[in-house]
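Remarks on the structure that follows.
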Amino acid sequence: MPGMARAVEIRSYQLKPGRRGDFARLMETQSLPMLRRWHVDVVACRPSAHDRDAYVLIRAYVDLAEREASQEAFYGSDEWRTGPREAILAAIETDTSIVLLLDEATIDGLRRAID
């Protein structure tokens, strides 16, 4: 619906030094395909433009409740827990998430700007 705000999560990962290549491969080959199977709207997933040990994942949800339910289901799944979870977490020093309420035009602008 035009004008409706969606919950957009921007997750920043500070990676352990020298681990960005490994992390990127895990994200591209395992985590992203899994997120798509779980019908998560991934707006962008890429290395940081300013820090060689940082990475960003941007996801959009219908609202905050859908974000919470989606992440509970995904991160609680056997597919995640027995899949790439351990290797991905081993590469991360810290992570931070912020959630913004954005309209569809802004989300589409993010997709185009980051592609």
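Nothing in this text is a laboratory measurement; each read-out follows from the coordinates by a stated rule. Fair warning: this is a prediction, and the values are worked out from it, not measured in the lab. Cβ sites come from the backbone with ideal geometry, for glycine too, and all protein chains shown count toward neighbours.
Assorted remarks:
- Spin-label proximity, T94 to region 45-82 - amide N less than 19 Å from point 7 Å beyond Cα toward beta carbon: 48-57
- Among I98, I92, the order by Cβ neighbours within 10 angstrom, fewest to most, reads I98, I92.
- Of the trypsin sites (Lys or Arg not before Pro) found in region 1-82, those that fall in a DSSP loop while having at most 15 other beta-carbon atoms within 10 Å are R52.
- Only helices enter this figure: runs of n ≥ 4 DSSP H residues, each worth -39500 (n - 2.57), summed and divided by the residues of the chain, yield -11000 deg cm²/dmol at 222 nm to the nearest 500.
- The label point for V42 and the one for V62, both projected 7 Å from the Cα toward the Cβ, are 2.2 nm apart.
- Relative frequency of Cα-Cα separations exceeding 20 Å in the chain, percent: 42
- Applying the Karplus relation 6.51 cos²θ - 1.76 cosθ + 1.60 with θ = phi - 60° to region 42-56 yields 3J(HN,Hα) values of 8, 6, 7, 8, 6, x, 5, 7, 10, 9, 5, 10, 10, 8, 10 Hz, where x marks Gly and Pro.
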